[in-house]
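Working notes for the structure below.
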Amino acid sequence: MHGDKQQPGPKTLTILLPGGSLPFGVLRKIDELGTKFAFDLYLSTAQNLRLYNIEESVLPVIKEELTRLGLKLKGPGLFPVPRICIGKRSCNLGQIDTMDFSEKILARFGAMTGVKPKFKIAVAACPAACSNPVMTDIGIIATRQGFDIYLGGKGGSQPKAGKRVMRGADEEQVLKVISEVVAYHNQSPAKKQRIGKLLDDPNFPYRDEV
């Protein structure tokens, strides 16, 4: 996957951290491994933890130690962990508990395999949209009236705002949109395809902007 492609020399591992949550037990284990094997750390903008400058000979040992803790490592074909803001847990503007909603998304889709790359999800607890959902393939913004859903946003060298395709949705409607969009994305013939390039397909399930 982009960003984790292994090249000759030191290796990289990315730990998936739902909601950007990094438990103290995980921190202690990473500190122990880092002291022992002298790798470096990077907190990614996707709210994951990247370990880099790992010597190839110790990579299997580190993987085993991390998976023993129940941690999931980034790899091809996995459903993306939603990027979220802090939400009601620590923000008085938040309309929802974003961690709770992220867990609901992962409970429904987290076991999927064969998911195509170039696909991201973000959830914001209010219209301030701190997790940048409008610039994400599937962006979900909680409002007082329900969820607004945006499709087709992206960053990069040619950024593009997503198209709002639903307003005031409830949780089940959001999960339905995710299911249908992911299914359509996976059937695209391109190996890597941003959802924004599919919005004008005649059979795309959510073409109308609202």
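Bear in mind these aren't lab numbers, they're just calculated from the coordinates by the rules spelled out. A quick note: this is a predicted structure, and the numbers were derived from the prediction, not measured. All Cβ positions, even for glycine, are placed from backbone atoms using ideal geometry, and neighbour counts span all protein chains on display.
Sequence-distant contacts, meaning Cα pairs under 8 Å at least 6 residues apart, place the relative contact order of segment 11-73 at 45 percent.
From the Cα gyration tensor of segment 129-182, with a ≥ b ≥ c the square roots of its eigenvalues, which class applies: rounded if a/c is under 1.5, or else prolate if a/b is larger than b/c, or else oblate? If you can, show how the numbers build up before the last one.
Numbers: a/c = 2.56, a/b = 1.54, b/c = 1.66.
The shape class here is oblate.
Which whole-number percentage describes the relative contact order of the chain, with Cα contacts under 8 Å and a sequence gap of 6 or more? Don't jump to the answer; show the numbers that get you there.
Details: 401 pairs, mean separation 30.3, N = 210.
Relative CO of the chain lands at 14 percent.
Is segment 1-76 best put as rounded, prolate or oblate by its Cα gyration tensor, with a ≥ b ≥ c the root eigenvalues, rounded for a/c under 1.5, and otherwise prolate when a/b is larger than b/c, oblate when not?
Values: a/c = 1.58, a/b = 1.11, b/c = 1.43.
In terms of gyration-tensor shape, oblate.
Among the listed pairs 160/197; 63/192; 120/163, those whose Cα-Cα separation exceeds 19 Å are 63/192. Among 206, 52, the order by Cβ neighbours within 10 angstrom, fewest to most, reads 52, 206.
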